[in-house]
1. Which residue out of E162, E127 is free of Cβ contacts under 8 Å to residues at least 24 places away in the same chain and farther than 18 Å from V85 by Cα?
2. Which residue is nearest to I145 (Cα to Cα), if the candidates are limited to region 71-94 and must be of a type in the set (A, V, I, L, M) and in contact with a Phe, Trp or Tyr (Cβ under 8 Å, 6 or more places away or on another chain)?
3. Taking the stated definitions as given, is L151 at pLDDT 85 or above and surrounded by 17 or more Cβ atoms within 10 Å (Cβ to Cβ)?
4. Given the residues K116, K96, which is the only one that is under 19 Å from D9 (Cα atoms), of a type outside the set (A, V, I, L, M) and surrounded by 13 or more Cβ atoms within 10 Å (Cβ to Cβ)?
5. If G140 passes every condition in (1) surrounded by 14 or more Cβ atoms within 10 Å (Cβ to Cβ); (2) among the small types (G, A, S); (3) in the same structural domain as I14 (by TED's automatic domain parsing) but one, which one does it miss?
Amino acid sequence: MKFGTIKEDTENRITLGTNKAEEIFFGLLCITFYVFLLWCFIPHMIHDYDDLGLLDFGVGIFFILFGAFGLFVVSFSLLTKFKVVIDKNIQKVIIKRKMITGQLKSIKMIDFSDIKEIEILHDIQPEYDTWNIHLNIKQGESEWICSDHELKVKEIANKICELTNKSISHYEKDYQK
């Protein structure tokens with residue numbers, strides 16, 4: 001899933017946000033899968049309770065808990081908006097996480113002077129690759145900004161570099177070795 005779709009791009013500001021259409025599609029697929037898990041295992045455990053072995057019981061409980069937890073996580077992610085604003089005029093990076101109901105979950109402001117560098121992290125997995133942008137902050141922290149495919153991440157990182165006048169570093173984590 002991609003995070004960090006460009007919502008606004010001007011000379012002095014870039015706004016990144018989540019792509020809700022993709023999230024809703026992915027969320028509905030996950031919810032369908034988790035409901036299927038619950039639908040398959042709960043009736044089996046209730047009706048055949050006397051004939052259940054320890055292994056069947058353990059597997060059933062695992063899938064029921066996995067399905068319930070998955071429903072919770074997907075529902076929560078569908079109800080949360082993520083927005084990053086990088087503004088040259090106010091010299092700040094503003095990271096907002098907000099519930100769809102209107103409640104502000106968290107807001108974080110980072111001054112441009114607190115940013116050491118912009119980091120592009122390429123995670124190489126056996127099944128897939130991910131490209132992420134992080135802001136390395138002087139206090140030793142790292143703040144995630146977005147994930148996408150290589151060209152989009154480099155485009156966004158270059159725009160952030162122009163706005164903040166910070167350097168870009170590239171790192172690779174190869175999990176195949």
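The values are calculated or read from the model by the stated rules, or taken from the named source; none is laboratory data. Because the structure is predicted, anything quoted here is derived from the model rather than measured. With ideal geometry, Cβ positions are generated from the backbone for all residues, glycine too; neighbour counts draw on all protein chains shown.
1. On the way: E162 fails: farther than 18 Å from V85 by Cα.
E127 is the lone residue from the list that is free of Cβ contacts under 8 Å to residues at least 24 places away in the same chain and farther than 18 Å from V85 by Cα.
2. Our first condition is that a residue be of a type in the set (A, V, I, L, M); within region 71-94, this holds for 71, 73-74, 78-79, 84-86, 90, 93-94.
Checking the rest, the ones that are also in contact with a Phe, Trp or Tyr (Cβ under 8 Å, 6 or more places away or on another chain) come to 71, 74, 93.
Numbers: L71: 25, V74: 20, V93: 10 Å.
Ranking the candidates gives V93 first.
3. Considered against the rule, which asks whether it is at pLDDT 85 or above and surrounded by 17 or more Cβ atoms within 10 Å (Cβ to Cβ), L151 comes out as no.
4. After ruling out the rest, the residue left standing is K96.
5. Tallying (1) surrounded by 14 or more Cβ atoms within 10 Å (Cβ to Cβ); (2) among the small types (G, A, S); (3) in the same structural domain as I14 (by TED's automatic domain parsing), G140 fails exactly one: (1).
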